[in-house]
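The values are calculated or read from the model by the stated rules, or taken from the named source; none is laboratory data. Note that the coordinates shown come from a computational prediction; the quantities given were computed from them, not determined experimentally. Here the Cβ positions follow ideal geometry from the backbone for every residue, glycine too, while neighbour counts run over all protein chains shown. Just so you know, the surface numbers come from the protein's heavy atoms only, side chains and all, with ligands and any DNA or RNA stripped out. Shrake-Rupley method; radii C 1.70, N 1.55, O 1.52, S 1.80 Å.
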Amino acid sequence: MQALAHYWASHYDWRKCEAKLNALPQFMTEIDGLDIHFIHVKSPHEHALPLIITHGWPGSIVEMLNVVGPLTDPPAYGGSAEDAFDLVIPSMPGYGFSGKPTETGWDPDHVARAWAELMKRLGYTHYVAQGGDWGAIITDLMGAQAPQGLLGIHSNMPGTLPPDVSKAIASNVLGAGDPRPSGLSADESRAYEQLSFFFTKGIGYGIEMGLHPQTLYGLADSPIALAAWMIDHDAKSYEDISQAFVDGRPVDGLTRDELLDNITLTWLTNTGVSSARLYWENKLGFFDIKGVSVPAAVSVFPREIYQAPRSWTERAYDNLIYYNEVDKGNHFAAWQEPELFATEVRAGFRALR
């Protein structure tokens, strides 16, 4: 944190991020009484497939800035024009430039319905959706709601846990609970161990925000408190973040400036507490099956919180059209590996064009 504070105060330049944001078309619309901010970049290529992509916590639209080019203009990044997307990147309620809810009810299910309304307002009669972290949950719920026009979804943090596995892991939050389910394959055992570690050693921030988000006044009072809270997400991501600051060695796209762009946006918009309330609103298991009925594509990154096994994924998504395990990247896939992420999104939706 000392390394971060020193760099933030002495070397970081917010104006560079400001210029990136100002270079993109941005809009505001009111949905169900709340201002929703979104980026909308149309592809220069004909027959581009409309795509709505959702960030997570502690992220923002900043997570997605480096995938705008590869997704909207693939030929400029070694891809094909046939894989181009019209891109819609909204800020979730309580995050960034979107409004802060003043009443309860903006849970992930509500956000999913709002995104379908947003795409309808933009005139898209058919489209696809993508997400990781909260974006994955919201995208899964869109796939379960199956609004008219939604052709399919892509997730880089899929909800695949069988009920017995989910129950055992959830009971283990404080380190003691139900016994490990029997009959797990090697891949399933790996996923179980990864999630057991996360729920016993890494979910403290989520429990606090899910129970008492309004207690976190320090996030509105101190930029260093906000930064510390935001970067201590999961062990593997934190390891990459620490390497970028302490050692000055960024892990692919996860640089000091990229991280501070996200933290600074949250500080300037005073959304540390308002973004935390999504955890309080949520009543769903993060990694549980959501009942997706539309075609689904899944990309598994090796340093994700857990690597979803193909066996669980095939049971969770009735119409799984794509599954691939890649060789690098963590929980913040679009941020850390933008071109690999874009390649996966293109491949995942290719069958739906």
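Return yes when residue 344 is surrounded by 24 or more Cβ atoms within 10 Å (Cβ to Cβ) and outside any strand (DSSP E or B) and no when it is not.
Working: surrounded by 24 or more Cβ atoms within 10 Å (Cβ to Cβ): yes; outside any strand (DSSP E or B): yes.
For residue 344, the condition - surrounded by 24 or more Cβ atoms within 10 Å (Cβ to Cβ) and outside any strand (DSSP E or B) - is met.
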Test residue 115 against the criterion of being open to solvent by less than 20 Å² (accessible area, probe 1.4 Å) and under 27 Å from residue 237 (Cα atoms), and give yes or no. no
Could you please find all residues in the range 307-329 being touching a Pro at 6+ places or on another chain (Cβ under 7 Å), open to solvent by less than 40 Å² (accessible area, probe 1.4 Å) and not in a loop (DSSP other than H, G, I, E, B)? 312, 313, 316
Do you know which residues across the range 65-97 are open to solvent by 10 Å² or more (accessible area, probe 1.4 Å), part of a helix (DSSP H, G or I) and under 27 Å from residue 229 (Cα atoms)? 65, 66
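Right, residue 30: under 24 Å from residue 267 (Cα atoms), charged (D, E, K, R) and either touching a Ser or Thr at 6+ places or on another chain (Cβ under 9 Å) or not in a helix (DSSP H, G or I) (or both) or not? Please lay out each step first, then the result.
Details: under 24 Å from residue 267 (Cα atoms): yes; charged (D, E, K, R): yes; either touching a Ser or Thr at 6+ places or on another chain (Cβ under 9 Å) or not in a helix (DSSP H, G or I) (or both): yes.
Yes.
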All but one of (1) touching a strand residue (DSSP E or B) at 6+ places or on another chain (Cβ under 6 Å); (2) of a type outside the set (A, V, I, L, M); (3) farther than 16 Å from residue 63 by Cα hold for residue 330, so report the exception by its number. (3)
Counted residues in the range 245-259 being more than 13 Å from residue 59 (Cβ to Cβ), of a type in the set (A, V, I, L, M) and in a helix (DSSP H, G or I) come to 1
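Please go through the range 169-193 and give me each residue that is part of a helix (DSSP H, G or I) and modelled with pLDDT of 90 or more, ordered by number.
Passing the criteria: 186, 187, 188, 189, 190, 191, 192, 193.
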Let me spell it out: the conditions are (1) modelled with pLDDT of 95 or more; (2) part of a helix (DSSP H, G or I), and residue 196 meets all of them except one. Which number is the exception? (1)
Enumeration of residues in the range 205-219 that are open to solvent by 50 Å² or more (accessible area, probe 1.4 Å) and part of a helix (DSSP H, G or I): 207, 208, 211, 214, 215
From (1) surrounded by fewer than 24 Cβ atoms within 10 Å (Cβ to Cβ); (2) farther than 23 Å from residue 159 by Cβ; (3) at pLDDT 95 or above, pick out the condition that doesn't hold for residue 272. (1)
Given the conditions (1) out of contact with any Leu (no Cβ under 7 Å at 6 or more places or on another chain); (2) of a type outside the set (Val, Ile, Thr); (3) part of a loop (DSSP other than H, G, I, E, B); (4) touching a residue at least 40 places away in the same chain (Cβ under 8 Å), every one holds for residue 140 apart from (3)
Give the residue that is most open to solvent (accessible area, probe 1.4 Å), with candidates limited to residues of the range 155-190 that are among the acidic types (Asp, Glu) and under 28 Å from residue 135 (Cα atoms). 164
Checking residue 129 against (1) outside any helix (DSSP H, G or I); (2) among the hydrophobic types (A, V, I, L, M, F, W, C); (3) over 13 Å from the mean Cα position of the chain (by Cα), which test does it fail? (3)
Which condition number in (1) crowded, with 24+ Cβ neighbours inside 10 Å; (2) in a loop (DSSP other than H, G, I, E, B); (3) of a type in the set (Val, Ile, Thr) is the one that residue 294 fails? (1)
Can you tell me which condition residue 283 does not meet? The list is (1) farther than 16 Å from residue 14 by Cα; (2) buried (at least 16 other Cβ atoms within 10 Å of the Cβ), and all the others hold. (2)
